[in-house]
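Presented below is the structure to which this report refers.
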Amino acid sequence: MNLSDLRKQIDELDTELVKLMAKRLEVSDQIGKVKEETNSPVQDLSRESEVLNRVQSLAQSLGLDPQDIESLYQEILFISKKQQRFTVAFQGAAGAYSEETALKIFGPNTLTLPYEQLDATFEAVEKGMARFAVVPVENSLEGSISRTYDLLLDSNLMVAAEHELRVSHCLIANPETTLEGVKTIYSHPQALGQCQSFLKHLRAELIPAYDTAGSVKMIKEKHLLNGAAIASERAAVIYNMKVLEREIEDNINNYTRFFVLAKQDSAPSGNDKTSVVFAVKHEAGALYDFIKELASRKINMTKLESRPTRLKPWEYNFYLDIEGHRQDENIKQALAKAEDHVIFMKVLGSYPKMKKHI
């Protein structure tokens, strides 16, 4: 048998493998529907362990490397879970506010993918590892999350939805820890900033971390008995930790606005917003002329914020939210005319307006 014949066998086997994979995904889709009807989670770690143990045992009996087969099936299981439900990337650990937001938007059976760095959530969607990413953009008390806006400027992803989450912080520790014994507190800088009044009375050392829930996970894994973390009550439940104090934020009107990112933004709903970033020409009245194009068409501006370009000192980009969809005729006309006054302009996306909290 020559090389050509052997390659033909490989091609035939590959065809059968792909057909079998298609059948497996059909069954996975049916499983997803059953899970939705019974309100069961997409991710079942005990079932995944059972599958991996079984295929490793089968591989060994056939003279194959069990670790190679396990690696292959890890990918197959990931693809199967994607077939069952939306996959949503978020920055942080399980229990993070971004994950809570994803579950509120897409439902409790959503498959959430945690990433330590914010830019990795963008990359997950760009590379097809996740269908959506949920990212924080601003807090009602602490202001905008600058890193998110920097990434939006450079990314091809678009804003497809927005959501506001009421943020209620808890002080969380190991079960043996008392409030009096807390000497060090870990959390995301935004969370630390939102709890200043409570924290100043503790006189504990404050250590910024990349994530709220990740801080809870860390003090559990390191068994820090004199440490605590600021995070959601849900994080305490997930990691089986103790809540020392609840609602420690300075202001009960503590909301974080999140964007849902995807490869496409949303179709017109009749009640939309559009987010835009632009930089005006270095001419007197250029910003006024830009805004005048909106005002003359009675387009309501809900946000305007300047941020340094990071290219030259004292040069700024402007981030703008307006009511309406980029496909609306008056929006199209306004943005087209506004181009006369800008160095550059990028539409970040159009999406349905979220109902405001009362």
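The values are calculated or read from the model by the stated rules, or taken from the named source; none is laboratory data. This structure is a prediction, so every number in the text was calculated from the model and none was measured. Neighbour counts run over all protein chains shown; Cβ positions are idealised from the backbone, glycine included. Ligands, DNA and RNA are stripped out before the accessible areas are found, and what is left, the full protein with its side chains, is counted by its heavy atoms. Shrake-Rupley method; radii C 1.70, N 1.55, O 1.52, S 1.80 Å.
What the table below lists for this structure:
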quantity: Selected residue [part of a strand (DSSP E or B) and either in contact (Cβ under 8 Å) with a residue 12 or more places away in the chain or of a type in the set (F, W, Y) (or both)] from V243, V216; calculated: V243
quantity: Members of the stretch 104-128 found to be in contact with a strand residue (DSSP E or B) (Cβ under 7 Å, 6 or more places away or on another chain) and closer than 26 Å to L25 by Cβ, listed by number; calculated: I105, F106, T110, L111, T112, L113, P114, Y115, T121, A124, V125
quantity: Residue tally, condition assigned to a loop (DSSP other than H, G, I, E, B) and in contact with a strand residue (DSSP E or B) (Cβ under 9 Å, 6 or more places away or on another chain), over the stretch 268-305; calculated: 8
quantity: Single unsatisfied condition, A161 versus (1) of a type in the set (G, A, S); (2) under 28 Å from Y316 (Cβ atoms); (3) part of a loop (DSSP other than H, G, I, E, B); calculated: (3)
quantity: Residues (assigned to a helix (DSSP H, G or I), open to solvent by 20 Å² or more (accessible area, probe 1.4 Å) and small (G, A, S)) located in the stretch 120-158; calculated: A120, S146
quantity: Residue tally, condition open to solvent by 70 Å² or more (accessible area, probe 1.4 Å), part of a helix (DSSP H, G or I), of a type in the set (D, E, K, R) and at pLDDT 90 or above, over the stretch 51-83; calculated: 2
quantity: Flag for Q84 being farther than 18 Å from R24 by Cα and of a type outside the set (A, V, I, L, M); calculated: no
quantity: Residues (among the charged types (D, E, K, R) and under 23 Å from the mean Cα position of the chain (by Cα)) located in the stretch 55-108; calculated: E75, K81, K82, R85, E99, E100, K104
quantity: Total residues in the stretch 84-104, condition surrounded by fewer than 19 Cβ atoms within 10 Å (Cβ to Cβ) and assigned to a helix (DSSP H, G or I); calculated: 2
quantity: Residue among I248, I291, I331, I299 that is more than 16 Å from L153 (Cα to Cα), over 24 Å from the mean Cα position of the chain (by Cα) and without any contact (Cβ under 8 Å) to a residue 24 or more places away in the chain; calculated: I291
quantity: Residues that are touching a Phe, Trp or Tyr at 6+ places or on another chain (Cβ under 9 Å) and exposed (fewer than 13 other Cβ atoms within 10 Å of the Cβ), drawn from the stretch 248-294; calculated: S269
quantity: Residue list for the stretch 306-340, restricted to those being open to solvent by 50 Å² or more (accessible area, probe 1.4 Å) and either on the phi > 0 side of the Ramachandran plot or assigned to a strand (DSSP E or B) (or both); calculated: S306, P308, R310, W314, Y316, E323
